[in-house]
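*Asks:* Got a structure for you, questions after.
The values are calculated or read from the model by the stated rules, or taken from the named source; none is laboratory data. Computed from a predicted structure; not experimentally measured. All Cβ positions, even for glycine, are placed from backbone atoms using ideal geometry, and neighbour counts span all protein chains on display. These accessible areas exclude ligands, DNA and RNA; they are computed on the full protein's heavy atoms, side chains included. Shrake-Rupley method; radii C 1.70, N 1.55, O 1.52, S 1.80 Å.
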Amino acid sequence: MIKSLATLLRSPALAGIDRRSLVTVAVASIAINLLIFALPLYSLQVYDRVLTSRSLDTLWLLTLIVAVALSLSALIDTLRARMLLRVGNAYALALGPRLMDASIAHSARLAEPSAQALRDLQTVRSFVTGAQGLVSLIDAPLVPVFLVGVYAMHAGLGNVMLAGMVTLVALALATDGLTGKLLRAAGEAGIDAQRRVEGVMQNAEVVEAMGMRTAMRVSWQVAQTESMSLASAAAERAAHLSGLVKGVRLLLNLLLAAAGAWYVIHDEITIGVMVAAGILAARGLAPLEAMIGVWKGLVSTRAAIDRINTALEHFPRTESAMSLPVPRGELSVERLVYAPPGAGQPTIKGISFTLEPGCWLGLIGPSAAGKSTLAKLICGIWQPVSGSVRLDGADVFAWNRAEFGRHCGYLPQDVELFAGSIRDNIARFGQADDAEVVAAAQMAGCHHMILRLADGYDTRIGAGGTTLSGGQRQRIGLARALFRQPRLIVLDEPNASLDHEGETALLQAVGRAREGGATIVMISHRPSVLARVDMLAVLADGQVQHFGPREEVLARLQRPAAARAVPGVRRVGV
Ligand SMILES: Nc1ncnc2c1ncn2[C@@H]1O[C@H](COP(=O)(O)OP(=O)(O)OP(=O)(O)O)[C@@H](O)[C@H]1O
């Protein structure tokens, strides 16, 4: 048990806990508990000395000393709570950025939005800082000190307390055995219900348009009810055990009083010892009772720590800290193989090609050919199973994301803009001169469109802000991709929502980026686009069917047999 506790404390999820402050908290706990000894010692003196000597001076002096000791104990207790608050907050602040990175990587690589690890971080923080958390457990290791104190007074009373301790520890273990599994299952079911809610809210328009509210509500209710019934079953068992614990505690008090009285009657101890031992035993057993009280929190915190560890293990910092020079833009895709996580079959099956800097590649192929997957691999979002994508010889996946991002512009198929101003979105939420933002917008052909909005570049989008049309979003997304003229530009169906004017602006922008030496990969089936590219790649079933200069590939596609071999390419109609 101690070994597993040590492993837990060393786990990456708790790496951000300030150990030195915890040692201070432990020292404070020892001080609090030692000062508490003043009360039984006071009773001992008052019952055995003061009452017999009837010395009021001694009584006042003793009362004053013990009052100071207890006040000091209360003060240290408050400071300890404040320190735990600071430890918890510092922990969340220290681990938060890494978990945010891991959550983004998780969501991007598994294409499954998940902020669970960040919620788990708050669970651990609340446990460390809350009154019903770590502070309830922190006194538990000092229970033996109280036991020794009671034994020092009388072995018989010590035995009664030891029996009480063993009973309470057994009840704690029973609580774990009877409720732990249920609580963990309830937690998982709760997370599942939460995921469903998030999914529904993200696609609320679809739900409303097609009257799917009832079906979605029922699906959520099923998960929610399961979570609630598991939690209720656990709570019911815990309530029975809690009643039992209270009963045991009352019985122990009675037993201690009875045993004390027995020993007093047999002249083995004084009344003072009897009262002092009762106080010591009660204080000593309290942390064990508290431990049972916070068991639910303990189980959910343990599960949260496990999930944080998993998130950190699956998405460790694999990026190189090495700073690389600005690439020229030579893109080489080498024997690239990719299979989605959990899928047996690869969706990219050994693709290889090279693009010179300043080359514009058009990527075409039927639906589900793997075009978007290839685009994500080229941007280093997903990790290949084997092979690599290299920009100027450096593996894009291993490249430091922040640094690689400066050289890469990416426009996904579903353009997502973030809550914030249009300026922030174009500037990728970093520091930027106004001139740079305007230049990117002008290049993407959306400068005038932005100026026509109520607050121009300061127009807020997202929650509580303006809702942009699909075409407007796509143009701002393009400006974001072109911001600061990256060396590699990957555009996934960038003209899907664009009108003729928008498409002309897009082609001009990409043409200018090419003139500036950027390497461009563009997925599109529009003839107007394909007429402008330098190279053309035709993808089918995760493989390159044709690759080469545009004219050459188009000529090959004109042959009926070739076009038949790549279904969907016919509609290019070039
Ligand atoms: N996150 C994912 N998890 C599992 N499978 C995926 C994932 N993303 C894509 N796939 C699968 O990979 C294959 C290629 O998908 P991809 O989106 O790359 O095709 P595409 O050529 O871009 O299609 P389209 O033209 O329809 O957008 C498909 O079979 C798809 O089901």
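*Asks:* In region 509-546, what residues are open to solvent by 60 Å² or more (accessible area, probe 1.4 Å) and within 16 Å of the ligand (Cβ to nearest atom)?
*Replies:* Passing the criteria: ARG526, ASP541, GLN543, GLN545.
*Asks:* Let me ask something else. Have a look at GLY199, GLY187 and point out the one that is at pLDDT below 85 and assigned to a helix (DSSP H, G or I).
*Replies:* Just a single option satisfies the conditions, and that option is GLY199.
*Asks:* Return only the number of the condition from (1) without any contact (Cβ under 8 Å) to a residue 40 or more places away in the chain; (2) within 30 Å of ALA13 (Cα to Cα) that LYS296 does not satisfy.
*Replies:* Unmet for LYS296, out of (1) without any contact (Cβ under 8 Å) to a residue 40 or more places away in the chain; (2) within 30 Å of ALA13 (Cα to Cα): (1).
*Asks:* So, one more: Considering only residues that are open to solvent by 30 Å² or more (accessible area, probe 1.4 Å) and among the hydrophobic types (A, V, I, L, M, F, W, C), which ones fall in region 143-156?
*Replies:* VAL145, VAL148, ALA152, MET153, ALA155
*Asks:* I'm trying to understand the selection: among the residues of region 93-113, which are open to solvent by less than 50 Å² (accessible area, probe 1.4 Å) and free of Cβ contacts under 8 Å to residues at least 60 places away in the same chain?
*Replies:* Residues satisfying the conditions are GLY96, SER107.
*Asks:* Looking at the structure I just gave you, is LEU324 outside the structural domain of ALA537 (by the TED database), in contact with a strand residue (DSSP E or B) (Cβ under 7 Å, 6 or more places away or on another chain) and more than 15 Å from the ligand (Cβ to nearest atom)?
*Replies:* Yes, satisfied.
*Asks:* Right, GLN413: more than 16 Å from the ligand (Cβ to nearest atom), over 24 Å from the mean Cα position of the chain (by Cα) and outside any helix (DSSP H, G or I) or not?
*Replies:* no
*Asks:* Consider ALA368 against the criteria (1) farther than 25 Å from ASN495 by Cβ; (2) within 16 Å of the ligand (Cβ to nearest atom): it satisfies all of them except one. Which criterion is unmet?
*Replies:* Single failed check for ALA368: (1).
*Asks:* Something else: Looking at VAL200, is it without any contact (Cβ under 8 Å) to a residue 12 or more places away in the chain and within 28 Å of the chain's Cα centre (by Cα)?
*Replies:* Details: without any contact (Cβ under 8 Å) to a residue 12 or more places away in the chain: no; within 28 Å of the chain's Cα centre (by Cα): yes.
The answer is no for VAL200.
*Asks:* For region 289-396, list the strands (runs of 3 or more DSSP E) that sit wholly inside it and hold at least 2 residues that are modelled with pLDDT of 90 or more, touching a Lys or Arg at 6+ places or on another chain (Cβ under 9 Å) and surrounded by fewer than 20 Cβ atoms within 10 Å (Cβ to Cβ); which are they?
*Replies:* 331-338, 348-355, 386-391
*Asks:* Moving to a separate point now. Taking helices (runs of 4 or more DSSP H) that fall entirely within region 67-172, which contain at least 3 residues that are over 22 Å from LEU39 (Cα atoms), aliphatic (A, V, I, L, M) and modelled with pLDDT under 90?
*Replies:* On the way: elements: 116-129, 134-137, 143-153.
Of the helices (runs of 4 or more DSSP H) lying wholly inside region 67-172, those with at least 3 residues that are over 22 Å from LEU39 (Cα atoms), aliphatic (A, V, I, L, M) and modelled with pLDDT under 90 span 116-129.
*Asks:* Something else: Out of all the residues in region 329-351, is one or more within 16 Å of the ligand (Cβ to nearest atom), at positive phi and in contact (Cβ under 8 Å) with a residue 60 or more places away in the chain?
*Replies:* Scanning region 329-351 turns up at least one residue that is within 16 Å of the ligand (Cβ to nearest atom), at positive phi and in contact (Cβ under 8 Å) with a residue 60 or more places away in the chain.
*Asks:* Looking at this structure, is PRO287 more than 16 Å from the ligand (Cβ to nearest atom) and under 21 Å from ALA402 (Cα atoms)?
*Replies:* No.
*Asks:* Can you find even one residue in region 438-457 that is open to solvent by less than 20 Å² (accessible area, probe 1.4 Å), touching a residue at least 60 places away in the same chain (Cβ under 8 Å) and of a type in the set (Gly, Ala, Ser)?
*Replies:* yes
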